[in-house]
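Dropping the structure in here first, questions after.
The values are calculated or read from the model by the stated rules, or taken from the named source; none is laboratory data. Just so it is clear, the structure is predicted and the values come from calculations on it, not from any experiment. Glycine also receives a Cβ, built like all others from the backbone with ideal geometry; neighbour counts cover every protein chain displayed. Just the protein is used for accessible areas: all its heavy atoms, side chains included, with ligands, DNA and RNA removed. Shrake-Rupley method; radii C 1.70, N 1.55, O 1.52, S 1.80 Å.
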Amino acid sequence: MTVALLSDIHSNYYAFKACYEDAVKCGAEMFIFLGDYVSDLSEPQKTMDLVYEIQSKYPTVCLRGNREGYMLDCESGRSSFIRGSKSGSLLFTYEHLRKKDLEFIRGLEISDNIEIEGIHMEIAHAAMDNDRFYFDSNDGHTADIFLQMKYNYLLTGHSHKQYIQQNAGKTIINPGSVGIPQGGTRNPKYAILDIVNGNISCQLREVPYDMTDAIRSQFASGLVDYAKYWAIGILYDIITGDEWVLKLLSTVEKTGDFANEEAWKSAALELGMKLTEQEILEWYKNE
C-alpha cells in the first residue's frame, strides 16, 4: 500500500494541487490528511473541493486541525473575528466556507488510531489530545510524546516542519506543510509511506510549483482587504520558506495592540516588506 500523507494546506490550493499530482505519479493508493485545510491563503473552497475529489477516488482518512476548530468556534458563537490583520484572515475564511464544508469539518476528530496493512498507527494534527500542541524534532517535549505513544508510529503535523524521528523502536513522522512550508525551503512538503510486508518506508517529498497564481489570488480574492499585513506576511512565508508572520507578530507585540492596524503597518514598514501585488510578484520572480 502506498499512502500519501498531507498536512497544513492552509487554503493554498495551488500548492495542494501540485502535491496531489505528485502523489498520484508516485502511485498513491490512499490519502491521509492531518488537518488545517483552510485559512491564511485565499482558496478555501477550491481546497475543500479537491479534498472531496480525492475522497471520491481513493480511500481517505481526514482529521481536523486547529484552524478548522477556529471555524467551528465562530459558527457556535464561542469566538468572533473582525476585519484587520489580527483576525481578518479567519473572518475571510469563515465567510467563504459553505454549509457542506462546515458539516464536513464538524464530523472530524483531532486524532485517531488506524490500521493499514496490519500496522497500527496513531495519527494527530498535533498531539493526540491537543490540536494546538507544538513539538518538532528539536523540542524537549518530544521525548514525552515517545513515552505516550500507544503504537510504534505517530503521524503528526501542525509544526510545518518536515522530519522523521526515531526512539526505542518508535517513529514519529511529520510530513511538513503543503501550504506554508517552513524549515529552509519554500517548496510544498508532504510524505509518501510505502507499507510492504508489515514494514513502513517513508519518503519526505518536496514539490516545486509556480506561486504566481497564489500571489495574485491573495489580492484578487479580497483577502488582503480583510487582513492586509497578515495576508502579505503569509506571502512572505511561502516565497521564502521563513516565518515572516512570526516576525510581524513579534514586531507588533512591542506595541501590545494587535487590534491596531497602524501597529501592523508600522511593523511591516520596519521589516522592509513590499506591500503591493506588483512589487511582490517582481520580487518572487527574481528570487
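Quick one: which residue in A143, A124 is open to solvent by 50 Å² or more (accessible area, probe 1.4 Å) and either closer than 24 Å to E206 by Cα or over 20 Å from the mean Cα position of the chain (by Cα) (or both)?
A143
Test of understanding: among K161, K189, K170, which residue is basic (K, R) and either open to solvent by less than 40 Å² (accessible area, probe 1.4 Å) or out of contact with any strand residue (DSSP E or B) (no Cβ under 9 Å at 6 or more places or on another chain) (or both)?
None of the other options fit; the residue is K189.
Take the conditions under 21 Å from W230 (Cα atoms), under 21 Å from the mean Cα position of the chain (by Cα) and touching a residue at least 12 places away in the same chain (Cβ under 8 Å) and apply them to S111. Does it pass?
No: the conditions fail for S111.
Of F92, F81, which residue is without any contact (Cβ under 8 Å) to a residue 24 or more places away in the chain, surrounded by 20 or more Cβ atoms within 10 Å (Cβ to Cβ), within 20 Å of V224 (Cβ to Cβ) and hydrophobic (A, V, I, L, M, F, W, C)?
Going through F92, F81 in turn, just one is without any contact (Cβ under 8 Å) to a residue 24 or more places away in the chain, surrounded by 20 or more Cβ atoms within 10 Å (Cβ to Cβ), within 20 Å of V224 (Cβ to Cβ) and hydrophobic (A, V, I, L, M, F, W, C): F81.
This table checks each residue for (1) surrounded by fewer than 18 Cβ atoms within 10 Å (Cβ to Cβ); (2) within 18 Å of N286 (Cα to Cα); (3) touching a helix residue (DSSP H, G or I) at 6+ places or on another chain (Cβ under 8 Å).
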position: R216; (1), (2), (3): yes, yes, yes
position: A220; (1), (2), (3): yes, no, no
position: D225; (1), (2), (3): yes, no, no
position: K228; (1), (2), (3): no, no, yes
position: A231; (1), (2), (3): no, no, yes
position: D237; (1), (2), (3): no, yes, yes
position: T240; (1), (2), (3): yes, yes, no
position: L246; (1), (2), (3): yes, no, no
position: G256; (1), (2), (3): yes, no, no
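Please verify whether S250 is farther than 19 Å from G179 by Cβ and either part of a helix (DSSP H, G or I) or among the acidic types (D, E) (or both), treating the condition exactly as stated.
yes
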